[in-house]
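Since the structure comes first, as structure tokens, the remarks are kept for the end.
The values are calculated or read from the model by the stated rules, or taken from the named source; none is laboratory data. None of the values given here were measured: they were computed from a predicted structure. All Cβ positions, glycine included, derive from the backbone under ideal geometry; neighbour counts span all protein chains shown. Keep in mind that these areas ignore ligands, DNA and RNA; they rest on the heavy atoms of the full protein, side chains included. Shrake-Rupley method; radii C 1.70, N 1.55, O 1.52, S 1.80 Å.
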Amino acid sequence: MVKQKHTPIPRYRVFNGPSILSQGYRPFFLLAGLWAVVTLGLSFEMILGRITLPTVFDAISWHYHEMLFGYVAAVIAGYILTTIPNWTGHLPLQGLPLLALVILWIAGRIAVAISEIIGGELAAVIDLSFLVVLALLTGREIVAGRNWRNLPIILVVMLFFLCNGLSHAEALGLMENEARTQRLAIALVVMLVCMVGGRIIPSFTHNWLAKNNITKRPVPFGNFDRLTLVVTSLGLGLWAIGFGELVIVALMGGASLLNLLRLRRWHGFATFPEPLLWALHIGYFWIPFGLALAAISLIWPVMPMTGSLHALTIGVIGTMTLAVMSRTTLRNTGRPPHAGIGLTAVFILITLSTIFRVTVSVWGGYFYLYLLYASAFTWMTAFLIFIGVCGPMLVRSRVEPK
């Protein structure tokens, strides 16, 4: 995203409905947290053969689909619907229109789960319609507010729509399932983290360091960051489509080093007293780690690609989304941006979940099942605590300063 001045969010129209429908982040962050728990629980049972869902997706494909196009799509929707009013100065989506969008997301989750009953084609239409409507709403607000600098966000949503469409085509047997769509969607979200995270992490860190009279400051965005984004996008793009192993190894290795140097320039170690900040830095750290694992797996067959996939999904996407949802919830409900014991536990648990799952892929051995269960347990516990801490804030009225 291009750096820009933000228009202060306008005062809301009088809204007498439930607080959860007063702004987009409220229902979508709550649903995202719940779905992260439900999806992993159901996936685990499906993979172990204990339950069967009437879906055209196999167990592994359903797991990835619902984590990416269910959970991540909900987080993206909540984030976009919350930040757009800041960009445009327009009133946020509220009340019945917001409820309709929420219902459309829920309908997609149900349709995919019972796609074998209602037909895979119909399930695809219902599921894909959510991202189409989200893109149209985003475009309408950007055009109305003449906020042309954020037009790329529509492209991101539509590319996510394309990836979702391809995943449905694979499930319907219209395309071979070679994991390219899965990698493409992951690459897209990781690049979104590189772009958005590369703005908010140094910005939030700078403000906190200045407030606490710490002399260190993150290096401002510049040509080094642009080079990092270019190399990372090329590496992830070729990795997603599986084109040219030696080129991918070189680009992914280079992107790993560049992102690690980029992270070092933000002075994350100085933010240790504030978990809301160090969680963002740890989330970003999994990018160079995951890229390095991807490069190694291509030249060393002993290293499976699943290690890289879970470093990028649980580590990057899981940690960053939890940190952003937590911070957004605290800030927009009138609370100080401080993690507290509960959210600190959330960030520790999601980090442990990543470590356990990556270790399973790299070195499982005798402890394979134990580490797998440990990763699942810490993931689900992290999100349950997030729901317990932030859930009441999301459904109640904003706390106004006295």
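Solvent exposure of segment 117-229, expressed per residue, is 49 Å² of accessible area, with all protein chains present and a 1.4 angstrom probe. Would you work out the relative contact order for the chain, in percent, from Cα pairs under 8 angstrom that are 6 or more residues apart? With pairs under 8 Å counted, the relative contact order is 16 percent.
When the Cα positions of Ile214, Gly388, Met303 are compared along the charge dipole of the chain, Ile214 comes out farthest toward the positive end, with charges on each C-beta of Lys, Arg, Asp and Glu.
Largest GNM mean-square fluctuation among Leu263, Leu31, Leu137, using the chain with Cα springs under 10 Å: Leu137. Multiplying the residue separation of Thr215 and His338 by 0.36 nm and removing their Cα-Cα distance gives an extension gain of 42.2 nm.
Model label sites at Ala250 and Val133, defined 7 Å from Cα along the beta-carbon direction, differ in position by 4.7 nm.
Note on segment 178-284: percent of Cα-Cα distances in each 10 Å bin, starting at 0 and stopping at the bin with the largest distance, equals 15, 42, 28, 13, 3, 0. Computed from the alpha carbon atoms alone, the convex hull of segment 133-226 holds 147 Å³ per residue. Working from Cα pairs under 8 Å separated by at least six residues, relative contact order for segment 259-331 is 33 percent. Evaluating kT/(6 pi eta Rh) at 4 °C and 1.567 mPa s, with the Kirkwood radius of segment 300-362 over Cα pairs in the Stokes-Einstein relation, gives 101 µm² s⁻¹.
The label point for Phe224 and the one for Arg331, both projected 7 Å from the Cα toward the Cβ, are 2.5 nm apart.
Computed over the alpha-carbon pairs of segment 240-326, the distance histogram in 5 Å steps reads 3, 16, 21, 22, 17, 11, 7, 3, 0 percent, short to long.
About the centre of its Cα atoms, the chain shows a dipole size close to 2000 debye [charges on the beta carbon of Lys, Arg (+1) and Asp, Glu (-1) only; nearest 20 debye].
Quick check on segment 91-192: take the gyration tensor over C-alpha atoms, sort the square-rooted eigenvalues as a ≥ b ≥ c, and tell me if it's rounded (a/c under 1.5), prolate or oblate. Note, shape of segment 91-192 comes out oblate.
Computing FRET efficiency as 1/(1 + (r/R0)^6) for Arg140 and Ile60, where r is the C-beta to C-beta distance and R0 is 35 Å, gives about 0.40. Matching the structure-derived mean projected area of the Cα convex hull in nm² against the labelled list [x] 47.5; [y] 25.5; [z] 19.8 gives the label [z]. Among Val247, Val231, Val193, the residue with the largest mean-square fluctuation in a Gaussian network model of the chain, with springs joining Cα atoms closer than 10 Å, is Val247.
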